[in-house]
Every structure is written in structure tokens, then in C-alpha cells.
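The values are calculated or read from the model by the stated rules, or taken from the named source; none is laboratory data. Because the structure is a prediction, the values reported are computed rather than measured. Neighbour counts run over all protein chains shown; Cβ positions are idealised from the backbone, glycine included.
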Amino acid sequence: MKSEERIRLKRNKVLVVGLGEVGLALFGLLRDCGKFDVYAVDTDKNKAHLIDREVPREVNIMHVCIPCVEEEKFTDAVVDCVTRFNPQLVIVNSTVPPGTTMHVYSRCRCLVAHSPVRGVHKTPEYMRREIMRWTKYVGGANARSGRAACLHFEKAGLKTQLLRTCTDTELAKLFETTYRAWMIVCFQEMHRISRHFKANFDEIVDFLEDTHRTRLDRPIMFPDVIGGHCLIPNIRLLLKAYNSDLLRLALKSNKKRTIEVKVRAIKNETDKIRRRAAVVEKDLTDGDLTRRNLATRSKNQPTAFISPKQS
Ligand SMILES: NC(=O)c1ccc[n+]([C@@H]2O[C@H](COP(=O)([O-])OP(=O)(O)OC[C@H]3O[C@@H](n4cnc5c(N)ncnc54)[C@H](O)[C@@H]3O)[C@@H](O)[C@H]2O)c1
């Protein structure tokens, strides 16, 4: 039997590596769908209480949910787990630089695919709903790997979309967060220029907002420091793989902002735009406009309103 068929038909043993914000949510989702025997490992001893069963010497599918800071160390950690648990299919859910999934594949004798995670972590339950909500994009190291990973996610009740290669999904995830960071950086710089000319930034943004409410092509961001553990770390990951002035500029602007927002007036102006951005986003996601656009809505809707959070 081909490995894709085995993935579809068998009650597979599934291992989740890394029980953090993503791994814990995925673990619960896979276990509760009742279609697999699900196990987990984590290097953090404090998470031992979350792991209620001993992992068998061999599993069929291994989900990787550990952070990637340096590509080489990440690949070593994944290869180490493949050696220990001998899976037929590895699915890298982590955000990784382009080329990482292929490197894992070149060092393991099994199917390997990449499938990035989207969503915001508020609680494990919320993250789980986020994983269910978004279409799971999959890119295989080869065609068989991609198909096998899609079959597995579909068995768990998720919608899937297979891209041509794993490099496509790796870049798609990095661009998804970097795009948002660039928009915020653009607002940081417009705020600086406005202050230089002693202009009223809130009124200027009102003008941009007015355009956006009709054209939907100029989102209002707020010019605060970009925090959190996604946007800036993902820019750093991409920068290590590709030498880009625009990426460097984003980091430079954000660093400058950390000092600028210590000035009370700058912070107050930033907060004013934050409130404005929240109203615009709520209006456009909940309001009439969204209902009128029902026909063209993405396959990931309905979208609950998530207050703007720049992380
Ligand atoms: N948290 C989010 O909201 C979110 C959203 C989208 C994508 N992601 C991506 O998902 C990946 C995982 O992120 P996270 O937020 O769940 O990370 P996390 O830091 O919350 O959890 C990672 C877990 O992996 C464990 N771990 C690390 N190395 C290990 C190893 N070699 N073997 C076993 N366990 C190991 C850690 O102890 C930790 O428990 C990252 O690539 C991140 O960029 C996260």
C-alpha cells in the first residue's frame, strides 16, 4: 500500500513535537477528533503533566511545532526526532526560512511537508478555533508528501489547499506577517514626517481612512512599536535568508520607535490612531460593507472581530 493510502485508511499514531501555543492546540484538536492515537513530546520538563501517555518507539505522522530561530539548529532538532520516532510523514507547522523543509527532507528518509499556522493565541481553546478556521495551506517537499499531509489534515476535519512546493508555503507565511509589519512601519514614518511639519496626524489619517472606507485598499494601522513574538522575529528569519534593504529598514524604524514612544505626546497621538484603527476595523468587518461583499468573501469567513493587536 502506498504511504498516502496508509495515511488515509489507517488509524495512525500521531506525535506532536513541542507543546507550546501551537502544539498544545493542535494536540487537543487531533486527539478530540477521535481518528488518531495522539502523543506528544516537549523538552520542557514543566510540561510533563500535559503528556499523559508514553510515546511508542515508532509513529506514523510527526507534527513539528517548535520555534525556529536558527535554521540549522531547527533542522538538527527535527532530524533528531525523526531518528527517534521513525515517522512516515513529517509535517512542519513552524514558521521557517525558505529552504528549511527541503533541508529536513534531504536528511530524512520519509515524506516531509510544510504547513504554516495562522491565527492569534489568546488561550489554547482560542488557538484551536483559529487552526480550525483557517484553510491549512500545505507545501510538500515532493508531490507525495504534500498529498499525504493534505489527506491527514482533511481526516482531522480541516480544509486544505495544496501549493506547488514547500518553499511557497514557507514564504507565504513569512510574507503574511512581514506585510503587516511593513504597513505599521509605514505609519511610523508618516507619523514622524507629520510631526516634523507640526501637522495633525490624526486628521491626516482621517483622510486616509475616508479613502479606505470606499476603496478598501489603504488599511489604517497605528504607529506604535511592533511587539510580540511573530512580526519582528519573522522579519529577522527572512533577513537571514535574503539580503533586503526594506526588511532592514523595518527593523531600524521599529527600534527608533521604542525610543520615540517614551515621549508622552508621541504616545498619546499613537493611542489616538489605535482607537481610530479599532473602529475602522470593526466597522468594516462587522458592518454593511462586509454583508454587501458576501459574494466575494474569502473561504476563511466568517470572521469574528479581533481587536487590532500589533504582534
Ligand atoms: N503562537 C502563535 O500564535 C503562532 C502563530 C503562528 C505561527 N506560530 C509558529 O509556530 C511555531 C511554534 O510556536 P509556539 O508559539 O507554539 O512556540 P512556544 O514557544 O509557545 O512553544 C514551543 C514549545 O516547543 C518546545 N520545544 C522546543 N524545542 C523542542 C524540541 N527540540 N523538542 C521538543 N520540544 C521542543 C518548547 O519547550 C515549547 O514548549 C513557531 O514557529 C511560531 O513562529 C506561532
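Summary of values
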quantity	calculated
Residue tally, condition more than 9 Å from the ligand (Cβ to nearest atom), more than 8 Å from LEU15 (Cα to Cα) and touching a strand residue (DSSP E or B) at 6+ places or on another chain (Cβ under 9 Å), over segment 36-49	2
Residue within segment 75-86 that is more than 14 Å from the ligand (Cβ to nearest atom) and surrounded by fewer than 24 Cβ atoms within 10 Å (Cβ to Cβ) present	yes
Close pairs from segment 210-234: first closer than 22 Å to ILE266 by Cα and within 16 Å of the ligand (Cβ to nearest atom), partner at pLDDT 95 or above and not in a helix (DSSP H, G or I), Cβ under 7 Å, at least 6 apart	ILE232/ILE226
Yes/no for SER244 being in contact (Cβ under 8 Å) with a residue 24 or more places away in the chain and of a type in the set (S, T, N, Q)	no
Residue in segment 190-199 that is at pLDDT 95 or above and either touching a Ser or Thr at 6+ places or on another chain (Cβ under 6 Å) or small (Gly, Ala, Ser) (or both) present	yes
Some residue of segment 143-155 being within 13 Å of the ligand (Cβ to nearest atom) and not assigned by TED's automatic domain parsing to the domain that holds LYS240	no
Scan of segment 138-161 for residues that are crowded, with 19+ Cβ neighbours inside 10 Å and assigned to a strand (DSSP E or B), ordered by number	VAL138, GLY139, GLY140
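Here's the yes/no breakdown for (1) touching a helix residue (DSSP H, G or I) at 6+ places or on another chain (Cβ under 9 Å); (2) modelled with pLDDT of 95 or more; (3) assigned to a loop (DSSP other than H, G, I, E, B):
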{"position": "MET1", "(1), (2), (3)": "yes, no, yes"}
{"position": "ARG8", "(1), (2), (3)": "yes, no, no"}
{"position": "GLY28", "(1), (2), (3)": "yes, yes, no"}
{"position": "VAL38", "(1), (2), (3)": "yes, yes, no"}
